[in-house]
Amino acid sequence: MKIAVVGTGYVGLVTGTCFAETGNQVICVDIDQSKVEKLSSGQITIYEPGLEKIFLRNQKENRLQFTTNLEEGIKDAQVIFLALPTPPGEDGSADLKYILGVADDLGKILKDYKVIIDKSTVPVGTAARVHAAIAKNATVDFDVVSNPEFLREGVAVDDFMKPDRVVIGTSSDRAKKTMNDLYAPFVRQGNPIIFMDEKSAELTKYAANSFLATKITFMNEIAQMCELLGADVDMVRRGIGSDERIGKRFLFPGIGYGGSCFPKDVQALAKSAQEVNYDFKILDAVMEVNEKQKLHLVPKIKDYFKGDLKGKRFALWGLAFKPNTDDIREAPALYIIDELIAAGATVATFDPEAMNNVQKLVGDKVTFVHSQYDALHSADALIIATEWSEFRTPDFERISSLLKNKAIFDGRNLFDLTQMEELGYHYVSIGRKVINP
Ligand code: NAD
């Protein structure tokens, strides 16, 4: 099939590359000229495990091309995916200006029947709005389909190639057949393509992300209770996770969820609820708890230094909002950095993939170093904000030889409490007892 993908970010680039991988002819369109130039010259623009290899292979086979010209990009395409940003607007609702802007342009340039597929996360009713925006100028027949994307950054290629399910919202039989043909190679193991109406598909994505954010937040609150009552959240997690109705996944407490999806999607669903006069109480609580959770470690750090962080230096391991990505949108580490700097401290940081993105954002506000150990030189304590695998079994002797104080504030519960006790660290984690030598 000939496919156009409009928007070549985390979702668009993975979508385009994976469809090329199954033999389709793909053109990705983006307004960012420098991104298109880089991608056209064989340079990948995001870090996503496994993506570069198939990106290069498909580009070499001429199945994957890039352009800034929408008309040229969609000319021969049978289907057009919209993988455009839907950031929160000032009031928290999803800002649809990118999607409706492209829809408006499409109406003027469509020359034959095409299926336009909304892959972005959008509020209920957007497919109808996109349809209306295109129809304003279109002289040909077309269908608009809602096909929300469930890939997770860090395992996006696997998620796309072997999705748990594909959700497709359409009321057109013609579009349904096209979508079925398009996704058949991805569901050969029997995972379902679930067809439904457009509105239900749109809401499914928000419901999924809001449910997952709620699960994380619930565990963060249980962790708070553990700290206050002297229980251990790891034990509680294992105790409840073995109940199949609850499940083992997404029960790890930490310093809050971040990223480009959960925060904005929970906010957007709450806003949608407001618009229909529904008081969606859980979502308000989830947002409030998560805001606080991002800074959960800061008062504990302040306590350890008797309330005075002026002149203190911190080593910070991890900047990305989660491991295996360079995405720093809404990353808890950024909030911690701001608090430490506001309190007069300095920060030296290491992240395997996300340092360039943070440097673009904060400049020389923090010091970026080349290894996790370099960050520790003359630091007063170590803070861990992202659970990259390489942070899990560090050389503790080396850590203590470099740190001024044997103090670790771990927002991701990476280390065993008994081990930390034996090693003589002051060790603060989430929902577990504080080790105080
Ligand atoms: P992104 O910001 O990484 O990428 C968006 C791309 O669109 C950028 O490259 C930007 O330059 C381009 N763009 C903006 N306006 C354009 C225009 N008029 N024409 C062409 N290109 C244009 O965003 P993303 O993370 O890929 O997310 C896209 C959508 O997918 C959002 O709605 C998001 O909620 C949803 N989503 C994201 C993820 C994820 O893990 N990132 C997962 C599932 C769903």
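The values are calculated or read from the model by the stated rules, or taken from the named source; none is laboratory data. Note that the structure is a prediction, hence the values are computed from the model and not measured. Note: ideal-geometry Cβ built from the backbone for every residue, glycine included; neighbour counts use all protein chains shown. When the accessible area is computed, the model is the full protein with side chains, heavy atoms only, and any ligands, DNA or RNA have been set aside. Shrake-Rupley method; radii C 1.70, N 1.55, O 1.52, S 1.80 Å.
Over its Cα atoms, what ratio of radius of gyration to 2.2 N^0.38 Å does the chain give?
In units of the 2.2 N^0.38 Å rule of thumb, it is 1.06.
Using Cα positions and a limit of under 27 Å, work out the lysines in reach of residue 312, with same-chain residues fewer than 8 apart set aside.
Here the lysines satisfying the reach criterion relative to residue 312 are 292, 294, 300, 302, 322, 360, 365, 404, 406, 433.
Based on DSSP H runs of at least 4 residues, each adding -39500 (n - 2.57), what is the mean residue ellipticity at 222 nm of the chain after dividing by all its residues, to the nearest 500 deg cm²/dmol?
That calculation yields -12500 deg cm²/dmol at 222 nm.
Quick check on the chain: of the DSSP beta bridges with both residues there, what percent are antiparallel, nearest 5%?
Looking only at bridges with both residues in the chain, the antiparallel portion is about 5 percent.
Could you tell me which residue out of 83, 140, 183 lies farthest along the dipole of the chain toward its positive end? Charges go on the beta carbon: Lys and Arg +1, Asp and Glu -1, centred on the Cα centre.
183
Suppose a student asked you for the relative contact order of the chain, using Cα pairs under 8 Å spaced at least 6 residues apart; what percent would you report?
Result for the chain is 12 percent.
Helix 97-109 versus the longest principal axis of the chain: what angle, 0 to 90°, nearest 10, using Cα atoms?
With rounding to tens, the tilt is 20 degrees.
If you roll a 1.4 Å probe over region 2-196 with all protein chains in place, what percent of the accessible area is carbon or sulfur?
Heavy-atom surface of region 2-196 belonging to carbon and sulfur, 1.4 Å probe: 47 percent.
How large is ³J(HN,Hα), in whole Hz, for each residue of region 202-207 in order, when computed from phi with the Karplus curve 6.51 cos²θ - 1.76 cosθ + 1.60 and θ = phi - 60°, using x for Gly and Pro?
4, 6, 4, 5, 5, 5
With each label point set 7 Å from Cα along the Cα-Cβ vector, what nm distance links residue 97 and residue 61?
It works out to 4.0 nm between the two label points.
How do 210-223, 362-375, 45-58 rank on mean C-beta neighbours within 10 Å, highest first?
210-223, 45-58, 362-375
Checking the a/c ratio against 1.5 first, then a/b against b/c, what shape does the Cα gyration tensor give for region 205-292?
Because a/c hits 1.5 or more and a/b exceeds b/c, region 205-292 counts as prolate.
Give, to the nearest whole percent, the P(r) tail of region 271-383 beyond 17 angstrom, counting all Cα pairs.
59 percent
Classify region 2-196 as rounded, prolate or oblate, taking a ≥ b ≥ c as the square roots of the eigenvalues of its Cα gyration tensor: rounded when a/c is under 1.5, otherwise prolate if a/b is larger than b/c and oblate if not.
rounded
Averaged per residue, what accessible surface does region 352-437 expose to a 1.4 Å probe, in Å²?
47 Å²
With a/c under 1.5 counting as rounded, go ahead and sort region 1-94 into rounded, prolate or oblate using the C-alpha gyration tensor (a ≥ b ≥ c being the square roots of the eigenvalues; past the cut-off, prolate if a/b is larger than b/c, else oblate).
It is prolate, given that a/c is not under 1.5 and a/b is the larger ratio.
With +1 assigned to the C-beta of every Lys and Arg and -1 to the C-beta of every Asp and Glu, and no other charges, what is the dipole magnitude of the chain about the Cα centre in debye, to the nearest 20?
Approximately 260 debye in magnitude.
Whole percent per 5 Å bin, from 0 to the bin with the longest distance: what is P(r) over all C-alpha pairs of region 192-246?
Result, from short to long distances: 4, 16, 17, 18, 13, 11, 9, 7, 4, 1 percent.
In whole percent, what relative contact order does region 2-196 give with Cα contacts below 8 Å and a gap of six or more residues?
The normalised contact order for region 2-196 reaches 19 percent.
About the Cα centre of region 205-292, what is the dipole size in debye to 20, counting +1 per Lys and Arg Cβ and -1 per Asp and Glu Cβ, all else neutral?
Dipole of region 205-292, to the nearest 20 debye: 320 debye.
Magnitude of the Cβ-charge dipole of region 335-401, K/R +1 and D/E -1, about the Cα centre, nearest 20 debye?
120 debye
Cα to Cα, under 19 Å, and not fewer than 8 places away if on the same chain: which aspartates and glutamates meet these conditions relative to residue 310?
The reachable aspartates and glutamates, counting only those whose Cα sits under 19 Å from residue 310, are 338, 339, 364, 380.
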